[in-house]
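Engineer: Structure in structure tokens, see below.
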Amino acid sequence: MGQANNSSHHALFYRMVIRRPLQLGAVAPSSPELARAMAQWVPAGDGAFVLELGPGTGAVTEAILERGLPPPHLVAIEKSPEMASHLRQRFPDAIIITGDATHTRSLVASAAPQAASFALVICGIPLMNFPLQTTRQIASEIRQVLQPGGKLIQFSYHIWKKRNSTFADLQYCTSRVVWSNFPPARVTVYQK
Ligand SMILES: C[S@@+](CC[C@H](N)C(=O)[O-])C[C@H]1O[C@@H](n2cnc3c(N)ncnc32)[C@H](O)[C@@H]1O
């Protein structure tokens, strides 16, 4: 990817950080190392669907597609209309939905009914920034769209905390800190 493209992704991200700091919950897009640490869990080509929540300007989206997932098998839900429109230009064959992850099931049912359930959900939403009820609602939507045995990948800047109690009814699999990100972040994997 060219330097000019990178600059435009970053410029949009920083504009949104200034306008909606709580919704963004980050000072910069994920580094390529953090994006790859999450995307490494993309299942090998067996027709599976992957759901990305809070794709922002597409740092993790790009890493997911680099793993070989066919773009029409990637569904992404982004709250910011400006970012969603940027993502549609960047990834024209992926299914980019403008909307709120608290309504994940109904958004997927109307925009991507072919994705009956997901083998993998990658959540980039800053859950800790929201009221508990919102966080619980998003967690409940994730549980319901995950297929049995499906995985949830969550990242957090609270690197001392290995798992989030919001996902207590999912099985904790593994967790690691990615230091080459600003700030360092923890990637945790859960399984349904
Ligand atoms: C920390 S940024 C992560 C962006 C990108 N995944 C990355 O790693 O660079 C969080 C993203 O989640 C989006 N977001 C926040 N709340 C959301 C919600 N309720 N539904 C969908 N997207 C949301 C924000 O607009 C932002 O793009």
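The values are calculated or read from the model by the stated rules, or taken from the named source; none is laboratory data. Bear in mind the structure is a predicted one, so any value in this text is a computation, not a measurement. Note: ideal-geometry Cβ built from the backbone for every residue, glycine included; neighbour counts use all protein chains shown.
Engineer: Restricting to the stretch 6-42, what's the tally of residues that are part of a loop (DSSP other than H, G, I, E, B) and either within 16 Å of residue 154 (Cα to Cα) or more than 8 Å from the ligand (Cβ to nearest atom) (or both)?
Structural biologist: 9
Engineer: Continuing with this model, one more query. Taking the residues in the stretch 43-57 that are of a type outside the set (Gly, Ala, Ser) and in a loop (DSSP other than H, G, I, E, B) as candidates, determine which candidate is surrounded by the most Cβ atoms within 10 Å (Cβ to Cβ).
Structural biologist: 55
Engineer: Can you run down the residue pairs with Cβ atoms below 6 Å, 6 or more apart or on separate chains, where the first is in the stretch 172-192 and over 21 Å from residue 143 (Cα atoms) and the partner is assigned to a loop (DSSP other than H, G, I, E, B)?
Structural biologist: Every condition considered, the pairs that remain are 177/159; 177/184; 180/31; 181/31; 182/28; 183/157; 184/159; 185/157.
Engineer: Check the stretch 115-131 and report whether any residue there is surrounded by 13 or more Cβ atoms within 10 Å (Cβ to Cβ), polar (S, T, N, Q), at pLDDT 95 or above and over 18 Å from residue 64 (Cα atoms).
Structural biologist: No: the stretch 115-131 contains no residue that is surrounded by 13 or more Cβ atoms within 10 Å (Cβ to Cβ), polar (S, T, N, Q), at pLDDT 95 or above and over 18 Å from residue 64 (Cα atoms).
Engineer: What is the number of the single condition among (1) touching a Leu at 6+ places or on another chain (Cβ under 9 Å); (2) near the ligand (Cβ under 9 Å from one of its atoms); (3) closer than 21 Å to residue 28 by Cβ that residue 79 does not meet?
Structural biologist: Of everything listed in (1) touching a Leu at 6+ places or on another chain (Cβ under 9 Å); (2) near the ligand (Cβ under 9 Å from one of its atoms); (3) closer than 21 Å to residue 28 by Cβ, residue 79 misses just condition (1).
Engineer: Residue by residue through the stretch 98-116, note down the ones that are among the small types (Gly, Ala, Ser), more than 9 Å from the ligand (Cβ to nearest atom) and part of a loop (DSSP other than H, G, I, E, B).
Structural biologist: 112, 115, 116
Engineer: Looking at 176, 186 in this structure, which one is farther than 11 Å from residue 53 by Cβ, surrounded by fewer than 18 Cβ atoms within 10 Å (Cβ to Cβ) and at pLDDT 95 or above?
Structural biologist: Result: 176 is the single residue among 176, 186 that is farther than 11 Å from residue 53 by Cβ, surrounded by fewer than 18 Cβ atoms within 10 Å (Cβ to Cβ) and at pLDDT 95 or above.
Engineer: Return the only residue of 63, 59 being of a type in the set (A, V, I, L, M, F, W, C), within 8 Å of the ligand (Cβ to nearest atom) and modelled with pLDDT of 95 or more.
Structural biologist: So the residue among 63, 59 that is of a type in the set (A, V, I, L, M, F, W, C), within 8 Å of the ligand (Cβ to nearest atom) and modelled with pLDDT of 95 or more is 59.
Engineer: Take the stretch 80-119 and flag every residue that is touching a Lys or Arg at 6+ places or on another chain (Cβ under 6 Å) and hydrophobic (A, V, I, L, M, F, W, C).
Structural biologist: 96
Engineer: Could you identify the single residue in 136, 186 that is closer than 24 Å to residue 26 by Cβ and in a strand (DSSP E or B)?
Structural biologist: When all the criteria are applied, what remains is 186.
Engineer: Take the conditions touching a helix residue (DSSP H, G or I) at 6+ places or on another chain (Cβ under 8 Å), hydroxyl-bearing (Ser, Thr, Tyr) and crowded, with 18+ Cβ neighbours inside 10 Å and apply them to residue 135. Does it pass?
Structural biologist: Against the criterion (touching a helix residue (DSSP H, G or I) at 6+ places or on another chain (Cβ under 8 Å), hydroxyl-bearing (Ser, Thr, Tyr) and crowded, with 18+ Cβ neighbours inside 10 Å), residue 135 qualifies.
Engineer: Among the residues of the stretch 65-93, which ones are within 14 Å of the chain's Cα centre (by Cα) and either assigned to a strand (DSSP E or B) or of a type in the set (Gly, Ala, Ser) (or both)?
Structural biologist: Passing the criteria: 74, 75, 76, 77, 78, 80, 84.
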